[in-house]
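First the structure, in the form of structure tokens, and then the observations on it.
Read-outs throughout are calculated quantities, based only on the coordinates presented, and are distinct from any laboratory measurement. Note that the structure is predicted; figures quoted are calculated from it, not measured. Positions of Cβ are generated from backbone atoms using ideal geometry, with glycine treated the same way; all protein chains shown enter the neighbour counts.
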Amino acid sequence: MPGLVLLRHGESLWNRKNIFTGWVDIPLSVNGIDEALAAGDALKGIKFDIIYTSLQIRAIQTAMLVMSRNESSGTPVVVHDKGKMSEWARIYDEETKNSVIPVIEDWRLNERYYGELQGRNKEKTGEIYGEEQLHIWRRSYDVPPPGGECLKDTAARTIPFFRDVIIPGLEKGENILVSAHGNSLRSIVMHIDGLSEKEVLSLEIPTGKPVIYEYKGKRFYPEKPRVAG
């Protein structure tokens, strides 16, 4: 039965420092590396057919660390389909080519864009603007921070990607790993689980903990407990 694994990247250096990250490209912390490897141990028995990540290094790092623990014989390879790298990264051996697990990066899986909050310490931001305003920017569904995205905006790019790219793969029987971010994954889980705009506000997806679904008959069945690991 095809399966879908949604994985929020491990803790980043700015997660650890309590700084708004958004689209700033920050790597994993040492703890985040350990979280990704632990997720890999939890998922090591799953043979993935394809992997999707955001464009951001913390999500790509997490996917690759997960696959370093995988027991399948496949090798995760980042797909370059534009420019010189599409030529320079060509694989000439058919047997090796057939063992590749494609890793496809797509901006639509990027974290919510935090606009003018990016790089700001969350606690200090609350002191400047007030905790109530900070809570509205962070947790409301349709109120964006200055110059940034709200969760509704994030969902406007992630859900079409999910429908147009992920679902067809599952329909073909693929096992799919999606390595992305707290808010991009919250919007996808909202869609899968049919959560209301109010219900999704209390949804938390922890770093490095796989969310696993089985897909059958055009329906998703969450594993119990839904957050594994």
Q: Would you tally the net charge around G32, using a Cβ to Cβ cut-off of less than 13 Å, leaving G32 out, and scoring K and R as +1, D and E as -1?
A: +2
**Q.** Ellipticity estimate at 222 nm from DSSP helix runs (n ≥ 4, -39,500 (n - 2.57)) divided over the chain, nearest 500
**A.** -10500 deg cm²/dmol
Q.
Counting just the Cα atoms, what span does the range 37-99 cover along each of its three principal axes? Round to the nearest Å and put the largest first.
A. 36, 29, 14
Q. Where does the charge balance sit around E197 when Lys and Arg score +1, Asp and Glu -1, over other residues with C-beta under 14 Å from its C-beta?
A. 0
Q.
Between S196, S99, S54, where does the largest GNM mean-square fluctuation fall for the chain, given springs only between Cα atoms within less than 10 Å?
A. S196
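Rg(Cα) of the range 118-168 divided by 2.2 N^0.38 Å?
On the way: Rg = 14.3 Å, N = 51, 2.2 N^0.38 = 9.8 Å.
Taking the Cα Rg and dividing by 2.2 N^0.38 Å, one obtains 1.46.
Could you list R163, R8, R138 in order of exposure, starting from the residue whose Cβ has the fewest other Cβ atoms within 10 Å? Let's see the in-between values first.
Values: R163 11, R8 29, R138 19.
Least crowded to most crowded, the residues run R163, R138, R8.
For the range 107-229, go through all pairs of different Cα atoms, get the mean of 1/r, take its inverse, and jot down that Kirkwood value in Å.
On the way: mean 1/r = 0.0639 Å⁻¹.
This gives a value of 15.7 Å.
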Q: Would you mind telling me which residue in D106, D25, D81 has the biggest mean-square fluctuation in a Gaussian network model of the chain, where springs connect alpha carbons within a distance under 10 angstrom?
A: D81
(Q) Can you tell me which of P76, P27, P146 moves the most in a GNM of the chain? Springs connect C-alpha atoms under 10 Å apart. (A) P146
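Give the average over all directions of the projected area of the C-alpha convex hull of the range 18-134, one decimal, in nm². Numbers along the way, then the final one.
Values: hull surface 37.9 nm².
Quarter of the Cα hull surface area: 9.5 nm².
Could you work out the Rg to Rh ratio of the chain, with Rh taken as the Kirkwood radius (inverse of the mean 1/r over all Cα pairs)? Write out the running numbers ahead of the final one.
Working: Rg = 17.8 Å, Rh = 18.2 Å.
Rg divided by Rh gives 0.98.
Calculate the tail of P(r) for the range 157-229: the fraction of all Cα-Cα distances greater than 16 Å, expressed in %.
Counting pairs separated by more than 16 Å, the tail of P(r) holds 50 percent.
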